[in-house]
1. Given the range 33-173, what percent of its DSSP beta bridges are antiparallel, to the nearest 5?
2. Starting from the amide H of Ile114, placed 1.01 Å from N in the peptide plane, find each other amide H under 5 Å away whose residue is 5 or more places distant or on another chain.
3. Give, in nm to one decimal, the length gained when the segment between Val30 and Asn257 is fully stretched (0.36 nm per residue of separation minus the Cα-Cα distance).
4. For Lys145, enumerate residues with amide H under 5 Å from its amide H, sequence gap 5+ or separate chain, H modeled in the peptide plane.
5. State the label only: which of [x] 76, 47, 41; [y] 61, 39, 38; [z] 63, 52, 35 corresponds to Cα extents along the principal axes in Å computed from the shown model?
6. Which whole-number percentage describes the relative contact order of the chain, with Cα contacts under 8 Å and a sequence gap of 6 or more?
7. Can you tell me the dipole magnitude for the range 130-257 around its Cα centre, using point charges on the Cβ only (Lys, Arg +1; Asp, Glu -1), in Debye to the nearest 20?
8. I need the shape label for the range 84-163. Rule: rounded when a/c is under 1.5, else prolate if a/b > b/c, else oblate, with a, b, c from the alpha carbon gyration tensor.
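The values are calculated or read from the model by the stated rules, or taken from the named source; none is laboratory data. As the structure is a prediction and not an experimental result, all values here were calculated from the model. Methodologically, a virtual Cβ is constructed for each residue, glycine included, from the backbone with ideal geometry; neighbour enumeration extends over all protein chains shown. Quick note on the areas: whole protein, heavy atoms, side chains included, nothing else; ligands and nucleic acids left out. Shrake-Rupley method; radii C 1.70, N 1.55, O 1.52, S 1.80 Å.
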Amino acid sequence: MNIIVCLKQVPDTNEVRINQETGTLIRDGVPSIINPDDKNGLEEALRLRDEFGGKVTVISMGPPQAKEALREAVAMGADEVYLVSDRAFGGSDTWATATVLTAAIEKIRNYDLIICGRQAIDGDTAQVGPEIAEFLGIPQVTYAKKIDVKEDKFIVERFTETGDYVIEVSKPVLLTAIKELNNPRYPSVKGIYKAYRDLKDEEIKVLTLADLDIDTTQIGLKGSPTNVYKSFVPVKNKENKIFNDSNIKGNVEELMNELHQLKLV
(Lines give C-alpha, C1' and ligand atoms only; values in the text may rest on other atoms or scores of the structure.)
Protein backbone atom coordinates (compact mmCIF):
# COMPACT_ATOMS: atom_id res chain seq x y z
CA MET A 1 0.00 0.00 0.00
CA ASN A 2 1.49 3.33 -1.07
CA ILE A 3 0.41 6.27 1.08
CA ILE A 4 1.10 9.97 0.60
CA VAL A 5 0.79 12.27 3.61
CA CYS A 6 0.46 16.04 3.21
CA LEU A 7 2.13 17.73 6.16
CA LYS A 8 2.47 21.40 7.07
CA GLN A 9 4.89 23.15 9.39
CA VAL A 10 3.00 25.77 11.40
CA PRO A 11 3.83 28.26 14.17
CA ASP A 12 2.98 27.00 17.64
CA THR A 13 -0.26 28.86 18.27
CA ASN A 14 0.40 28.90 22.01
CA GLU A 15 3.29 31.26 21.25
CA VAL A 16 1.78 33.35 18.46
CA ARG A 17 1.66 37.12 18.82
CA ILE A 18 0.24 39.73 16.44
CA ASN A 19 1.72 43.09 15.50
CA GLN A 20 -1.08 45.48 16.44
CA GLU A 21 0.04 48.09 13.91
CA THR A 22 0.40 45.88 10.82
CA GLY A 23 -2.07 43.15 11.76
CA THR A 24 0.45 40.44 10.80
CA LEU A 25 1.84 37.50 12.75
CA ILE A 26 5.10 38.02 14.62
CA ARG A 27 7.04 34.91 13.66
CA ASP A 28 10.45 35.86 15.08
CA GLY A 29 11.22 33.67 18.06
CA VAL A 30 8.04 31.60 17.62
CA PRO A 31 8.76 27.85 17.47
CA SER A 32 7.41 25.85 14.54
CA ILE A 33 5.74 22.46 14.87
CA ILE A 34 4.09 19.84 12.68
CA ASN A 35 0.43 20.73 12.34
CA PRO A 36 -1.32 18.49 14.93
CA ASP A 37 -3.98 17.00 12.62
CA ASP A 38 -1.26 16.27 10.05
CA LYS A 39 0.68 14.37 12.69
CA ASN A 40 -2.40 12.22 13.31
CA GLY A 41 -2.54 11.62 9.56
CA LEU A 42 1.12 10.59 9.50
CA GLU A 43 0.63 8.22 12.44
CA GLU A 44 -2.28 6.53 10.68
CA ALA A 45 -0.24 6.15 7.49
CA LEU A 46 2.59 4.54 9.46
CA ARG A 47 0.15 2.22 11.22
CA LEU A 48 -1.39 1.06 7.94
CA ARG A 49 2.04 0.51 6.41
CA ASP A 50 3.22 -1.45 9.43
CA GLU A 51 0.14 -3.65 9.25
CA PHE A 52 -0.29 -4.09 5.50
CA GLY A 53 3.13 -3.24 4.08
CA GLY A 54 3.96 -0.58 1.53
CA LYS A 55 5.52 2.86 1.65
CA VAL A 56 4.78 6.20 3.32
CA THR A 57 5.78 9.34 1.42
CA VAL A 58 5.46 12.74 3.08
CA ILE A 59 5.25 16.02 1.19
CA SER A 60 5.31 19.50 2.67
CA MET A 61 4.89 22.84 0.92
CA GLY A 62 6.77 25.67 2.55
CA PRO A 63 10.08 27.52 2.91
CA PRO A 64 13.40 25.69 3.37
CA GLN A 65 12.92 25.64 7.16
CA ALA A 66 10.06 23.14 6.63
CA LYS A 67 12.77 20.52 6.18
CA GLU A 68 12.81 20.28 9.97
CA ALA A 69 9.23 19.05 9.95
CA LEU A 70 10.17 16.50 7.31
CA ARG A 71 13.07 15.31 9.46
CA GLU A 72 10.65 14.74 12.31
CA ALA A 73 8.46 12.74 9.92
CA VAL A 74 11.47 10.58 9.03
CA ALA A 75 12.24 10.14 12.74
CA MET A 76 8.70 8.88 13.24
CA GLY A 77 9.12 6.36 10.40
CA ALA A 78 8.36 7.97 7.02
CA ASP A 79 10.10 6.23 4.12
CA GLU A 80 10.49 9.19 1.77
CA VAL A 81 10.03 12.96 2.06
CA TYR A 82 9.63 15.84 -0.39
CA LEU A 83 9.78 19.57 0.20
CA VAL A 84 7.72 21.58 -2.29
CA SER A 85 9.31 25.01 -2.23
CA ASP A 86 9.65 27.98 -4.56
CA ARG A 87 9.30 31.74 -4.19
CA ALA A 88 6.58 31.54 -6.84
CA PHE A 89 4.41 29.66 -4.32
CA GLY A 90 4.60 32.46 -1.72
CA GLY A 91 1.29 33.97 -0.65
CA SER A 92 -0.79 31.05 -1.90
CA ASP A 93 -4.24 30.68 -0.39
CA THR A 94 -5.93 27.29 0.01
CA TRP A 95 -6.87 27.06 -3.69
CA ALA A 96 -3.34 27.85 -4.86
CA THR A 97 -1.79 25.61 -2.20
CA ALA A 98 -3.99 22.69 -3.27
CA THR A 99 -3.02 23.37 -6.89
CA VAL A 100 0.68 23.10 -6.06
CA LEU A 101 0.29 20.02 -3.84
CA THR A 102 -1.84 18.31 -6.51
CA ALA A 103 0.93 18.86 -9.06
CA ALA A 104 3.47 17.41 -6.61
CA ILE A 105 1.30 14.35 -5.99
CA GLU A 106 0.89 13.82 -9.73
CA LYS A 107 4.67 14.04 -10.04
CA ILE A 108 5.15 11.33 -7.39
CA ARG A 109 2.19 9.23 -8.62
CA ASN A 110 1.56 5.60 -7.62
CA TYR A 111 -0.60 6.06 -4.52
CA ASP A 112 -3.48 4.14 -2.98
CA LEU A 113 -4.25 6.61 -0.22
CA ILE A 114 -3.63 10.30 0.47
CA ILE A 115 -3.99 11.54 4.04
CA CYS A 116 -4.22 15.19 5.05
CA GLY A 117 -4.95 16.72 8.41
CA ARG A 118 -8.48 18.04 8.82
CA GLN A 119 -7.20 21.62 9.04
CA ALA A 120 -4.12 23.66 9.92
CA ILE A 121 -4.06 25.53 13.22
CA ASP A 122 -2.72 28.69 11.53
CA GLY A 123 -5.66 28.96 9.12
CA ASP A 124 -8.43 26.60 10.28
CA THR A 125 -10.04 26.46 6.83
CA ALA A 126 -10.20 22.64 6.35
CA GLN A 127 -10.17 23.30 2.59
CA VAL A 128 -6.84 22.06 1.20
CA GLY A 129 -7.48 18.31 1.55
CA PRO A 130 -10.91 18.34 -0.12
CA GLU A 131 -9.60 20.64 -2.88
CA ILE A 132 -6.75 18.23 -3.64
CA ALA A 133 -9.25 15.38 -3.97
CA GLU A 134 -11.37 17.45 -6.36
CA PHE A 135 -8.36 18.43 -8.47
CA LEU A 136 -7.23 14.79 -8.66
CA GLY A 137 -10.76 13.55 -9.36
CA ILE A 138 -10.69 10.94 -6.59
CA PRO A 139 -13.15 10.15 -3.74
CA GLN A 140 -12.71 11.85 -0.39
CA VAL A 141 -13.85 11.19 3.16
CA THR A 142 -13.26 13.98 5.65
CA TYR A 143 -13.07 13.87 9.45
CA ALA A 144 -11.84 10.28 9.56
CA LYS A 145 -12.13 8.88 13.08
CA LYS A 146 -11.22 5.28 12.28
CA ILE A 147 -9.75 3.60 9.19
CA ASP A 148 -9.81 -0.11 8.34
CA VAL A 149 -8.84 -1.96 5.17
CA LYS A 150 -10.99 -4.60 3.51
CA GLU A 151 -9.48 -6.10 0.37
CA ASP A 152 -9.15 -3.18 -2.08
CA LYS A 153 -11.42 -0.85 -0.09
CA PHE A 154 -11.16 1.39 2.95
CA ILE A 155 -13.80 1.32 5.69
CA VAL A 156 -13.85 4.78 7.24
CA GLU A 157 -15.72 5.93 10.32
CA ARG A 158 -16.49 9.60 9.70
CA PHE A 159 -17.18 11.93 12.61
CA THR A 160 -19.98 14.51 12.40
CA GLU A 161 -21.70 16.61 15.03
CA THR A 162 -24.92 14.66 14.54
CA GLY A 163 -23.38 11.18 14.71
CA ASP A 164 -20.73 9.01 13.07
CA TYR A 165 -21.08 7.41 9.64
CA VAL A 166 -19.31 4.30 8.34
CA ILE A 167 -18.34 4.68 4.68
CA GLU A 168 -16.85 2.12 2.32
CA VAL A 169 -14.69 3.65 -0.40
CA SER A 170 -12.47 2.26 -3.16
CA LYS A 171 -8.82 3.10 -3.79
CA PRO A 172 -7.41 5.61 -4.48
CA VAL A 173 -8.98 7.94 -1.97
CA LEU A 174 -8.14 11.03 0.07
CA LEU A 175 -8.93 11.09 3.79
CA THR A 176 -8.61 13.92 6.29
CA ALA A 177 -7.59 13.00 9.83
CA ILE A 178 -8.82 14.33 13.16
CA LYS A 179 -7.20 14.00 16.57
CA GLU A 180 -9.59 11.23 17.64
CA LEU A 181 -8.08 8.97 14.97
CA ASN A 182 -5.03 7.98 17.04
CA ASN A 183 -2.23 9.03 19.34
CA PRO A 184 0.93 9.87 17.32
CA ARG A 185 3.97 7.84 18.24
CA TYR A 186 7.23 9.23 19.56
CA PRO A 187 10.24 8.99 17.24
CA SER A 188 12.39 5.94 17.91
CA VAL A 189 16.10 6.20 18.71
CA LYS A 190 16.85 4.55 15.36
CA GLY A 191 14.54 7.01 13.61
CA ILE A 192 16.17 9.99 15.31
CA TYR A 193 19.62 8.85 14.18
CA LYS A 194 18.35 8.36 10.64
CA ALA A 195 16.66 11.76 10.50
CA TYR A 196 19.17 13.96 12.28
CA ARG A 197 22.51 12.26 11.78
CA ASP A 198 22.36 10.18 8.60
CA LEU A 199 19.97 12.24 6.44
CA LYS A 200 21.91 15.07 4.85
CA ASP A 201 20.14 18.34 4.12
CA GLU A 202 20.77 18.03 0.40
CA GLU A 203 19.29 14.52 0.39
CA ILE A 204 15.82 15.85 1.15
CA LYS A 205 14.18 16.02 -2.26
CA VAL A 206 13.00 19.50 -3.23
CA LEU A 207 10.37 20.09 -5.90
CA THR A 208 10.34 23.60 -7.38
CA LEU A 209 8.12 25.28 -9.95
CA ALA A 210 10.41 24.00 -12.69
CA ASP A 211 9.75 20.39 -11.61
CA LEU A 212 5.96 20.63 -11.68
CA ASP A 213 3.33 20.96 -14.37
CA ILE A 214 1.44 24.00 -13.08
CA ASP A 215 -0.57 26.85 -14.55
CA THR A 216 1.30 29.78 -12.97
CA THR A 217 -1.83 31.95 -13.06
CA GLN A 218 -3.31 29.66 -10.37
CA ILE A 219 -0.56 29.90 -7.75
CA GLY A 220 1.08 32.43 -5.48
CA LEU A 221 -0.44 35.65 -4.24
CA LYS A 222 -1.65 36.77 -7.69
CA GLY A 223 -3.24 33.39 -8.41
CA SER A 224 -5.10 33.24 -5.09
CA PRO A 225 -8.81 34.11 -5.25
CA THR A 226 -8.81 34.95 -1.53
CA ASN A 227 -6.49 36.87 0.79
CA VAL A 228 -6.28 37.70 4.47
CA TYR A 229 -7.12 41.38 4.92
CA LYS A 230 -6.04 41.64 8.53
CA SER A 231 -5.32 39.56 11.62
CA PHE A 232 -6.05 40.89 15.08
CA VAL A 233 -6.46 39.83 18.69
CA PRO A 234 -10.07 40.28 19.85
CA VAL A 235 -10.46 42.97 22.49
CA LYS A 236 -12.10 41.56 25.59
CA ASN A 237 -14.26 44.12 27.33
CA LYS A 238 -15.70 43.17 30.70
CA GLU A 239 -18.70 44.85 32.21
CA ASN A 240 -20.75 44.06 35.26
CA LYS A 241 -24.13 45.17 36.45
CA ILE A 242 -25.53 44.81 39.95
CA PHE A 243 -29.23 44.26 40.55
CA ASN A 244 -29.90 45.49 44.06
CA ASP A 245 -33.69 45.56 44.20
CA SER A 246 -34.79 44.54 47.67
CA ASN A 247 -37.31 42.26 46.00
CA ILE A 248 -35.60 39.09 44.77
CA LYS A 249 -38.33 38.54 42.19
CA GLY A 250 -37.70 42.04 40.82
CA ASN A 251 -33.97 41.27 40.51
CA VAL A 252 -34.71 38.07 38.59
CA GLU A 253 -37.13 39.83 36.24
CA GLU A 254 -34.60 42.59 35.56
CA LEU A 255 -31.85 40.02 34.92
CA MET A 256 -34.04 38.08 32.52
CA ASN A 257 -34.91 41.29 30.63
CA GLU A 258 -31.23 42.12 30.37
CA LEU A 259 -30.37 38.64 29.05
CA HIS A 260 -33.24 38.83 26.61
CA GLN A 261 -31.96 42.14 25.20
CA LEU A 262 -28.55 40.52 24.73
CA LYS A 263 -30.29 37.62 22.93
CA LEU A 264 -28.88 35.14 25.42
CA VAL A 265 -32.28 33.71 26.32
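1. Numbers: 12 of 18 bridges.
Looking only at bridges with both residues in the range 33-173, the antiparallel portion is about 65 percent.
2. Ile4, Val173, Leu174, Leu175
3. Numbers: separation 227, 0.36 × 227 = 81.72 nm, distance 4.59 nm.
Between Val30 and Asn257, full extension yields 77.1 nm more.
4. So Lys145 has HN proximity to Glu157, Arg158, Phe159.
5. Checking each listed value against the structure points to [x].
6. On the way: 480 pairs, mean separation 63.3, N = 265.
Value for the chain: 24 percent.
7. Values: 19 positive and 21 negative charges, 112 e Å.
With Lys and Arg at +1 and Asp and Glu at -1, about 540 debye.
8. oblate
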